[in-house]
Amino acid sequence: MNRSSHRFTVILLLVAAVAGLIAGCKKGGGGDGITIGVVLPITGREGKPGQYQREGIELAIKQINDKGGLTVNGKKLQLKEVFYDDGSDSAKSASLVERAISSDSATAVLGGYSTALGQAESVIPDRYQTPWITTGAAASTIFNHGYQYTFGTLSPTTLLGGITAEFLGAQVDQGKLKKGLKIAMAVENTDHGVDYAQGIEDWIKQHPGYFTIVFNEKFDLGSPDFSGLLQKIKSAKADIFLADAHLADYITMQRQYLQNGLHHQMISYGARGPEADAKKALGAGTDYIFAGIWWSKKLQYPQEQKFVNDYKQFTGREPDSWYAATAYDGMRALALAIEQANSTDKTAIRDALRKVELKDSLLPGGAMKFGPNGQVGNGFLIVQNKPGDKVDIVFPKDVATGDAIAPIPAK
Amino acid sequence: MTAVEFINLLISALLLAGLYAAVAVGMTIIYGVMKIVNLAHAGFMMLGAYFNYELFEWLHLDPMAGALLSLPVFFVFGMGVHWLLVRWLPKSDQPTLSSLLLMFGFWLVLQNVGYLIWGNSDRAILTAHRRTLPLGPITIPTAGLVVFIAAVTCLAVLQFILHKSWFGRSVTALIQNPYAAQIVGVDHQKTSQLTFGLGTAFAGFAGALMAMLFSFNPDFGRPFLVRAFVIIVLGGLESVTGVAFGALILALIETFGILFIPAGYQPAISFGLLVVVLLVFPTGIAGLLKRKWRLA
């Protein structure tokens, strides 16, 4: 090997080593008590929401341990967390769930933020007959396989579509929108997008006369240009525009939507809308957009304010979006199920999870229960951006903090 | 489709082509001179976007000024990367696995450094050019127009440099025949380093321009990398004109193709085009036209 090749090999190895070091890190442990595996991304693409979810879980664990732990067979047992960072990598995510169960003897595992990572993890729990709760994945493909040990604290995306349509229907009932308006839908080409569109279509079928869908297409995630798609939407001459998109696509599409001079009576990007990053990028261009979200700190239940204060004390900042809340409730539901099972037997805990009801849940409705397929069915909150950086919960009526503005005023 | 809708779409395609050309040109000249498939190009674009973002956030610098400033900064950065990593690669007149792996590894490092510094949140720049320029019923997005003008101007300057300067002629000679170029006195190492700097400068510049149009995170650049490959195959490797030509074809097909097929199949347009061109015109459409021109 000549000198230049040798140097090159050394450089290549150094680059690989640095990449490896940056990409992954692990923190774990063993010992007495009940071991809970937590597998989430705190580095990589999904690092930030993954970190928020981890904080929600750790806050719940801390509060339980501060009260002495869980009572099982008359003994107080402390919860012990074994945490793994999957680096936003699906394959790694699944293998780390396996590792938490087989090597660390975790009694149950929480995690699976984002649909892709949740789907990868979801094949493991039944194999090891260990309860697994995803606190950040909602796609129906995770819950329609008949898995027996899979649970989830996010309501299904079909419900998001259904509640979006129900909200629009309520505007018709109130006389704000006319009956028979035409809807154009553009959803991302993922399970999330497909489920969202399905929810809207189902509602429209069940409520004939309210709306008709005149355009329905999927688009590719991360597309650099939506001008062709937006031209088709313009040609469809719809009254309402409903999209389902990730944040980056939401910002790009809305920017091009405005630049192409489009206007609809109502506009939504699914679960996206009130994000600070979008506001920063588009300014007043995000005004009047409405979105369906899983949780808001504006909810008026007494437990919400306590959670916000506890979280702030624990992390030094207020919860950003819904991420920490669903994770916090997932851990509390698991703790309650372990106590109700009065055992650390995994199948007994699974059976208890099927029956458990978290009566002081943070989620809309104030109580949380897993459905027959393991997924919760709490509703969504419809929020709407208003001028001056204001965001109001506008639906359902009983938790609304303001009235919906419909139709959107033409600029 | 009405005439107005057609013209609006044509304008969108032209604006997109300018951006695509700026994205692909840096990769093209690096491949042409060094036969390196620079996968780290996407990483340089991502850094360019964040570079512009930071200047905008902290110094309130106009994003267009930030994009222009990115050219010299990324030129020096590219020269540094060449000195540190690329110059050790074994020389070859064909792309090598080692160069591919090195640039891929370096892209991963850049990406993860991005995650460490900026996290994974999507960032965007709120430009002053948010609306449209109305010309009767025709609308031109002002941000897209500003980006297009900047991209085309820089490509024209690059074309001038490649044709009128000693460095440009050295680059052209190395692309056409590296052995003959060295025989007549072209310093391969020095020209390679300058070319890598220039390619990186254009990657950073393209990223900085895109920051005015799109939101971005440390994974930014990946979809554009694929499109750059298509443009290179379409336009050939010998000139900026070829790149512009390839970018225009891709942008036109992507923009108008979506009218006839569902939007979800948009990536299939670029990949399908790549496969067809590689099978039917292996030298690219530009090569084919050139051959026909010579025969005529």
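Quick notes on this structure:
- Output for the stretch A:215-246, where each listed residue is more than 11 Å from A:Gly193 (Cα to Cα), part of a loop (DSSP other than H, G, I, E, B) and more than 7 Å from chain B (Cβ to nearest Cβ): A:Phe226, A:Lys237, A:Ala238, A:Asp239
- Subset of the stretch A:270-322 that is over 19 Å from B:Asp122 (Cβ atoms) and either hydroxyl-bearing (Ser, Thr, Tyr) or in a strand (DSSP E or B) (or both) - its residue that is farthest from the other protein chains (Cβ to nearest Cβ): A:Tyr301
- One residue from B:Leu259, B:Leu213, B:Leu225, B:Leu252 being at pLDDT 90 or above, within 14 Å of another protein chain (Cβ to nearest Cβ) and more than 23 Å from B:Leu162 (Cα to Cα): B:Leu252
- Residue, farthest from A:Asp287 (Cα to Cα), within the stretch A:237-276, restricted to residues that are surrounded by fewer than 22 Cβ atoms within 10 Å (Cβ to Cβ), modelled with pLDDT under 90 and more than 28 Å from the chain's Cα centre (by Cα): A:Asn260
- Residues satisfying the stated conditions in the stretch A:288-330, i.e. among the small types (Gly, Ala, Ser) and buried (at least 16 other Cβ atoms within 10 Å of the Cβ): A:Ala291, A:Gly292, A:Ser296, A:Ser321, A:Ala324, A:Ala325, A:Ala327, A:Gly330
- Criterion: farther than 26 Å from B:Leu145 by Cβ, of a type outside the set (S, T, N, Q) and crowded, with 18+ Cβ neighbours inside 10 Å - qualifying residue of B:Asp219, B:Asp187: B:Asp219
- Search result, residues across the stretch B:134-150 that are assigned to a strand (DSSP E or B) and either facing chain A (nearest Cβ under 10 Å) or under 21 Å from the mean Cα position of the chain (by Cα) (or both): B:Pro134, B:Thr139, B:Ile140, B:Pro141
- Contacts under 9 angstrom Cβ, first residue in the stretch B:85-113 being more than 9 Å from chain A (Cβ to nearest Cβ), partner basic (Lys, Arg), 6 or more apart: B:Lys91/B:Lys35; B:Ser92/B:Lys35; B:Asp93/B:Lys35; B:Gln94/B:Lys35; B:Pro95/B:Lys35; B:Thr96/B:Lys35; B:Ser99/B:Lys35
- Qualifying residue in the stretch A:28-42 (condition: at pLDDT below 95, farther than 30 Å from B:Ser92 by Cβ and within 14 Å of chain B (Cβ to nearest Cβ)): yes
The values are calculated or read from the model by the stated rules, or taken from the named source; none is laboratory data. Remember, predicted model here, so these are calculated numbers, not experimental data. Positions of Cβ are generated from backbone atoms using ideal geometry, with glycine treated the same way; all protein chains shown enter the neighbour counts.
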